[in-house]
Each structure stands twice: as C-alpha cells, then as structure tokens.
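No lab work stands behind these numbers, since they all come straight from the coordinates. Values in this document were obtained by computation on a predicted structure and should not be read as measured data. For neighbour counting, all protein chains shown are included, and Cβ atoms are generated from backbone atoms with ideal geometry for every residue, glycine included.
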Amino acid sequence: MDAFGHFSLTWTKNTIVLADLQSTSTFVKTPLAGGIQRSCDVLFDVMSHSLAGSTGVGDHGRDGIMHFVQSHKCQTFCDGLGLEPLSEDDIEETALTNYEDYNEDVEDNPENEDYNGEEDYEEAEEE
Ligand SMILES: [Zn+2]
C-alpha cells in the first residue's frame with residue numbers, strides 16, 4: 001500500500017502524496033475487471049499532503065510530503081511500478097519549483113483576485 005503513496009507522489013510530480021493508507025480486502029464486480037468478480041483492496045480514510053496545503057483536514061503540506069519521503073522504504077512493488085527511488089534532495093528541489101509555479105498560477109488567475117484584495121473587506125466593514 002505504501003508503494004501507492006510513492007506512486008501518487010511521482011504521478012503528481014511531487015505535489016501531492018496520499019498517506020496513511022488503509023484498506024480492507026473485499027471482492028468487487030466491475031466493468032474495469034471485465035465484469036468478473038475480483039479480489040481487491042478498498043481504500044478508506046485516505047489522507048493527503050499537498051504543497052498547496054489545500055486538500056483539506058490533515059493536509060500537513062510540504063512537511064507532510066517530506067515526512068513521507070523520509071519514512072518511505074521502497075518495496076518490490078515500487079520497482080514493479082517502475083518508480084524511481086525517492087530522494088529528499090530531488091523532492092526538495094522539485095517541491096520548491098512546483099510551489100513557485102503554484103503561487104504564480106494563483107496570482108495569475110483572475111478568479112483569485114478577491115482572495116488577495118483586502119479592500120473588499122474594508123468596504124464591507126464600512127457599510
Ligand atoms: Zn517506493
């Protein structure tokens with residue numbers, strides 16, 4: 001299950017990690033499995049950490065991502081998925097780059113102007 005966390009961090013280019021992964025084994029019948037009943041693990045109570053710290057309760061942001069990187073031990077599943085080993089230095093560098101990109105995206109997005117505009121608050125208080 002920890003390999004899925006590694007995958008999530010790699011797939012999101014070091015911006016989000018799914019952590020504290022717990023699952024229960026069950027059987028499901030799904031079109032994805034050709035309509036055949038298969039055994040699988042269903043995730044529950046998934047936590048996530050993101051550079052933006054925007055994924056909700058329990059998101060410890062960059063610290064949460066770095067904690068995962070420091071505690072994760074790659075397993076055969078990581079190799080099987082073709083995942084490169086995690087490196088704190090690589091994550092730090094990539095995280096900084098992506099975090100800067102995130103800030104630029106927020107600033108460039110006209111829909112986010114209200115979040116930065118304190119004037120709106122002052123006008124509202126005067127009324
Ligand atoms: Zn791994």
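At a Förster radius of 35 Å, what calculated FRET efficiency corresponds to the Cβ-Cβ distance of L96 and D41, to the nearest 0.05?
According to the calculation, E is roughly 0.55.
If we sort 25-35, 55-65 on the protection proxy, mean other Cβ atoms within 10 Å, highest first, what's the order?
55-65, 25-35
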